[in-house]
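Here is the structure we will look at.
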Amino acid sequence: MSRPDTFFTTLNGITVLYDRKPGDYGIRGVARDFFATRAIERKLDACFAELEDVCPLGRPTLILSAGAWVDKPGFHGSGEAFDLDAIHWTDKKFVCGEFLTDKRFYLGVDAVLRKHVPTVLNFFYNDAHHDHLHADLGGAMRFTRAESEVYFLQAALTHVLDIPVGIDGDWGPNTSAGTERALTELGISGSIEDEAVWMQLLTAISSRAFGEPIPVSGAKTVSVRKVTVGDKTTWFAIVDNEPEFTVGRETFFAPQTGRGLSSLTGLTYDPDDYREKYGFWADFIYPTAFCESQKGFFNALNTWDRAHFTFGFMQFGAHVFDGDFARYFRGLLALKEASAYFPKLELKDNFIHQKTAAGLVNLETNTDPTKLAKFLNPDFRAVEQVEVENAARFIHWCNKSLENRQLQVKVSVEVFKSLLSRRAVIYSLNGKPDKVCLVIADIHHQGRGKVAEVKSALDTGGDMNKAFRNLLEIGKVKFPGRIATLKSKISEMTAAGTPAYFLASIRCRMEFLASPSIAPE
């Protein structure tokens with residue numbers, strides 16, 4: 001049959017290589033143009049996009065294949081088929097030929113594939129398919145009792161849903177009864193031959209296969225609901241049958257086409273509560289906290305931009321590897337109530353890991369820094385139930401736990417000390433007034449100015465009041481509101497005689513300097 005004119009070399013932006021040269025299978029491959037119709041390419045793109053979202057391993061690094069178009073009869077000959085050999089992630093290499101030692105994960109991949117293509121032939125179909133998953137556009141997207149579908153369903157019931165049935169490809173009374181039991185236990189109503197029911201079942205199978213944990217004794221139950229009035233949608237939550245509370249309002253962020261939750265309510269940061277422990281620093285971080293979360297709300301929430309999940313009075317972002325959010329969350333997971341709020345997570349080697357059926361999966365990697373963020377909020381362009389539930393857990397825990405709030409303050413102080421320590425020599429900060437150092441810290445915390453701009457602002461021949469005014473001009477066009485708030489809060493604290501601001505002669509306390517040769521004044 002004639003070869004299609006179109007081809008792909010990536011799926012969902014992931015490189016696809018041919019791995020059927022001697023010694024390559026499942027390990028490595030060579031570049032090839034995979035000729036196929038646009039129809040199956042689009043479906044495979046969608047499949048790997050969903051796999052990235054639902055699998056805790058995140059985005060694959062490589063796809064290995066036995067091919068697409070082949071000059072022979074059938075769907076390969078029409079360019080409407082694809083053979084999957086292996087998928088590589090940073091932390092795992094999934095190989096179809098290793099089904100017998102990786103059954104649950106294999107069936108999870110199989111389930112996601114079936115949500116996007118009508119026909120998948122797997123390990124059980126015949127000996128020729130022991131080393132790959134074949135996908136083609138023949139058949140219907142609903143369950144039709146075809147032999148290939150029954151093989152998959154029987155294997156999933158047995159190895160994923162823990163409902164053992166014979167695996168023979170025949171739709172008999174045991175398979176029918178096992179399917180009804182599975183639908184009932186999963187809370188899915190309707191006939192399996194209904195396409196919507198089949199899709200729900202495939203979703204549940206992939207979720208279980210990739211490590212949806214068994215409910216943990218003592219884990220908090222979280223239920224959420226939304227209320228839409230006009231064009232405003234607000235989400236609410238109940239934790240362990242306690243009074244309902246507001247999680248946040250849906251917000252659309254046009255510059256990144258983001259849609260998520262926003263919340264500024266609850267308890268607020270007060271320097272008076274932390275001055276005994278942190279002294280000068282309790283006040284030093286306050287103006288920036290006020291800018292980040294209006295009044296310094298401990299449970300300030302934002303899930304509508306590329307950070308995926310931002311929380312706390314200093315707005316810790318979950319998308320940064322080893323960032324402030326990661327340090328805060330690690331601290332939370334060391335608290336005694338951690339397993340009740342996040343039973344799917346645990347600390348190992350001081351990194352956050354997800355518990356899965358295949359073992360612990362590290363959610364903090366420099367190669368995929370958004371893995372943790374996507375665990376909390378898989379898609380920042382849409383509001384999803386898992387995102388709302390995770391937000392509710394953070395808010396409830398923060399409101400209930402003083403240790404939680406103290407941890408936010410501890411991390412914030414450490415962040416600001418580190419931030420200034422890294423720039424103390426660059427800007428010759430020793431002896432500079434507190435307010436000058438504060439604005440520099442705020443500039444770099446928000447990321448609204450570069451080193452060269454700050455150096456230029458400080459080049460005043462020693463006139464620190466002028467330097468202060470110059471620094472407040474950095475980013476003013478883009479962030480006028482923040483800078484006005486920062487300036488106002490510093491003036492307010494100075495006028496009120498707040499420690500570290502009440503005398504113009506007070507100099508920056510240089511506790512943050514790493515160099516012992518530069519002593520604090």
**Item:** Positions within segment 252-306 being within 16 Å of VAL411 (Cβ to Cβ) and of a type in the set (A, V, I, L, M), in sequence order
**Value:** ALA282, ILE285, ALA289, ALA300
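What do you reckon, is GLU41 in contact with a Lys or Arg (Cβ under 8 Å, 6 or more places away or on another chain), in the same structural domain as ARG104 (by TED's automatic domain parsing) and not in a loop (DSSP other than H, G, I, E, B)?
No.
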**Item:** Unique residue being more than 26 Å from ASN366 (Cα to Cα) and of a type outside the set (Val, Ile, Thr) when the list is ALA31, ALA49
**Value:** ALA31
**Message:** Looking only at residues that are among the charged types (D, E, K, R) and either surrounded by fewer than 20 Cβ atoms within 10 Å (Cβ to Cβ) or over 34 Å from the mean Cα position of the chain (by Cα) (or both) in segment 425-455, which one is nearest to LYS478 (Cα to Cα)?
**Reply:** ARG448
**Message:** Of all residues being small (Gly, Ala, Ser) and within 18 Å of GLY447 (Cβ to Cβ) in segment 313-355, which is modelled with the highest pLDDT? Just the residue, please.
**Reply:** ALA326
**Asked** Which of the residues spanning segment 34-45 are crowded, with 16+ Cβ neighbours inside 10 Å and under 31 Å from the mean Cα position of the chain (by Cα)?
**Response** ILE40, GLU41, LYS43, LEU44, ASP45
**Prompt:** So is SER412 in a helix (DSSP H, G or I), under 36 Å from the mean Cα position of the chain (by Cα) and of a type in the set (S, T, N, Q) or not?
**Reply:** yes
**Request:** Evaluate segment 378-394: report whether one residue or more is touching a His at 6+ places or on another chain (Cβ under 8 Å), buried (at least 22 other Cβ atoms within 10 Å of the Cβ) and not charged (D, E, K, R).
**Result:** yes
**Prompt:** Name the pairs whose Cβ atoms lie under 7 Å apart, with the first residue in segment 182-208 and within 22 Å of GLY58 (Cα to Cα) and assigned to a helix (DSSP H, G or I), the second of a type in the set (D, E, K, R) and at pLDDT 90 or above, and 6 or more positions between them or separate chains?
**Reply:** MET199/LYS115; LEU202/ARG114; LEU202/LYS115
**Subset tally (residues that are surrounded by fewer than 17 Cβ atoms within 10 Å (Cβ to Cβ), assigned to a loop (DSSP other than H, G, I, E, B) and not charged (D, E, K, R)) for segment 128-162** = 7
**Request:** Check whether at least one residue in segment 309-332 is more than 15 Å from the chain's Cα centre (by Cα), within 30 Å of GLY108 (Cβ to Cβ) and of a type in the set (A, V, I, L, M), and report yes or no.
**Result:** yes
**Prompt:** Hey, among the residues in segment 1-33 that are aromatic (Phe, Trp, Tyr) and in a strand (DSSP E or B), which one's nearest to the chain's Cα centre (by Cα)?
**Reply:** PHE8
**Asked** Among the residues of segment 185-211, which ones are aromatic (Phe, Trp, Tyr) and under 15 Å from THR144 (Cα atoms)?
**Response** TRP198
**Message:** Can you pull out every residue in segment 112-122 that is closer than 15 Å to ALA66 by Cα and in a loop (DSSP other than H, G, I, E, B)?
**Reply:** ASN122
**Asked** What do you reckon, is PHE123 aromatic (Phe, Trp, Tyr), closer than 25 Å to GLU389 by Cα and either out of contact with any Ser or Thr (no Cβ under 8 Å at 6 or more places or on another chain) or in contact (Cβ under 8 Å) with a residue 24 or more places away in the chain (or both)?
**Response** no
**Item:** Candidates LEU100, LEU113, LEU121, filtered to the one that is surrounded by fewer than 18 Cβ atoms within 10 Å (Cβ to Cβ) and either hydrophobic (A, V, I, L, M, F, W, C) or not assigned by TED's automatic domain parsing to the domain that holds LEU153 (or both)
**Value:** LEU100
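Is it the case, given these coordinates, that ALA338 is of a type in the set (A, V, I, L, M) and out of contact with any strand residue (DSSP E or B) (no Cβ under 6 Å at 6 or more places or on another chain)?
Considered against the rule, which asks whether it is of a type in the set (A, V, I, L, M) and out of contact with any strand residue (DSSP E or B) (no Cβ under 6 Å at 6 or more places or on another chain), ALA338 comes out as yes.
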**Request:** Would you please list the contacts, defined by Cβ atoms under 6 Å and residues six or more apart or on different chains, that run from a residue in segment 344-371 that is within 14 Å of CYS55 (Cα to Cα) to a residue that is at pLDDT 90 or above and among the acidic types (Asp, Glu)?
**Result:** HIS353/GLU346
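The values are calculated or read from the model by the stated rules, or taken from the named source; none is laboratory data. Note that the structure is predicted; figures quoted are calculated from it, not measured. Cβ: placed from backbone, ideal geometry, glycine included. Neighbour counts: every protein chain shown.
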